[in-house]
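Structure first, then comments.
Throughout, read-outs are computed from the coordinates displayed, never taken from laboratory work. Everything quoted here is computed from the prediction, not taken from an experiment. Note that we place each Cβ from the backbone using ideal geometry, even for glycine, and neighbour counts take in every protein chain shown.
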Amino acid sequence: MIVAVDPGKVFSRVWISNGSGLLADPMSLSVSRDGIAQLELVLNKHGPGVPVIAIEATGSLHRPWVTELERRHPGSVRLFAPSETKSARTQLGSGRFKTDDRDCAALTYMARQGGGRRYGQLFGVEALRTAVRHRRGLVADRKVARQRLHEQLNALCPGLSAPSGHGRSLALETSTGLAVLACAAAFAGRPPQLRSLMCRAPGPLTTTTARYWLQRWHRCLPPPADAEQRARRLTRDLDRYRRLREDIDAIDLEIGALRALHD
């Protein structure tokens with residue numbers, strides 16, 4: 001018995017067949033517990049045999065059903081890439097016309113030939129890809145957050161973080177940059193004392209480096225009239241930036257562990 005599933009966001013198209021033809025009319029089942037329960041009822045009507053479940057791997061749409069069907073029928077799930085489904089449709093004479101039922105027919109055709117990849121073979125790779133995609137989004141968010149912090153710091157302390165014409169640039173991701181941001185938020189753009197700057201550094205910060213930035217800070221123009229409001233916004237944005245850094249560090253550890261398992 002072959003179960004062909006073309007996954008969707010809300011409903012999945014399902015064909016159930018054997019070597020002779022369809023065992024039930026094509027069904028559109030909801031991507032929920034109710035949909036799985038309806039499928040199980042139909043499968044139970046046709047005997048206790050182990051089915052072959054062919055599913056097209058389309059982004060993340062297939063994952064909920066794949067996980068649940070593999071749990072209920074261990075070793076039964078076979079995954080096919082969309083390119084494989086299109087190639088099979090072409091062989092069946094419908095390559096240019098894509099519908100859910102034609103995809104199910106193609107999946108059934110490939111499953112009968114013994115194709116597809118087992119769920120267990122791709123689980124580690126899929127988990128790694130998911131983690132990498134998540135990290136890519138966090139890095140993009142971090143870039144935007146860093147740009148916003150530069151803008152806010154430059155508004156509170158004109159020229160402090162801008163490299164053009166002001167000497168070396170301030171790297172916000174370093175201990176020095178985070179200490180400067182924390183002081184700018186705490187003192188609403190006014191230059192802090194040396195001790196205040198050094199005690200807010202989350203990592204190494206030499207006295208020489210701290211003095212350099214304090215001297216440059218004192219040469220900046222005074223903060224704007226709405227410095228207190230800007231400082232409060234900077235405090236919140238700095239907190240979000242720190243959490244982003246922590247999230248990226250955490251996902252890096254997860255990726256390292258997944259790569260070790262995959263290797």
Normalising by the residue count of the chain, find the relative contact order in percent from Cα pairs under 8 Å and 6+ residues apart. 15
Chain lengthening between S87 and R136 when straightened (0.36 nm per residue, less Cα-Cα): 14.5 nm
Could you give the nm distance between label points at Q229 and T67, where each point is 7 Å from its Cα heading toward the beta carbon? 4.5
D (Stokes-Einstein, µm²/s), Kirkwood Cα radius, the chain, 1.567 mPa s at 4 °C: 57
Peptides ranked, highest mean first, by Cβ atoms within 10 Å: ranges 60-72, 175-187: 175-187, 60-72
Residue-averaged 222 nm ellipticity for the chain, from DSSP H runs of 4+ at -39500 (n - 2.57), nearest 500: -19000 deg cm²/dmol
If you count the DSSP beta bridges with both ends in the chain, what percent of them are antiparallel, to the nearest 5? 60
Distance (nanometres) between label positions extended 7 Å along Cα→Cβ at T207 and D34: 7.3
Relative contact order %, segment 126-262, counting alpha carbon pairs below 8 Å whose residues are six or more apart: 34
With the charge dipole of segment 122-263 built from beta-carbon charges (+1 for Lys and Arg, -1 for Asp and Glu) about the Cα centre, the Cα from A184, L128, A140 projecting farthest to the positive end belongs to A184
So if I place +1 on the C-beta of Lys and Arg and -1 on the C-beta of Asp and Glu, and nothing else carries charge, what would the dipole magnitude of the chain be about its Cα centre? I want it in debye, nearest 20. 1000
Lysine pairs in the chain with Cα distance under 28 Å, only those 8 or more apart or on different chains: how many are there? 4
State the answer as a single residue: which of L22, F11, S60 lies farthest towards the positive end of the charge dipole of the chain, with beta carbon charges of +1 for Lys and Arg and -1 for Asp and Glu, about the Cα centre. S60
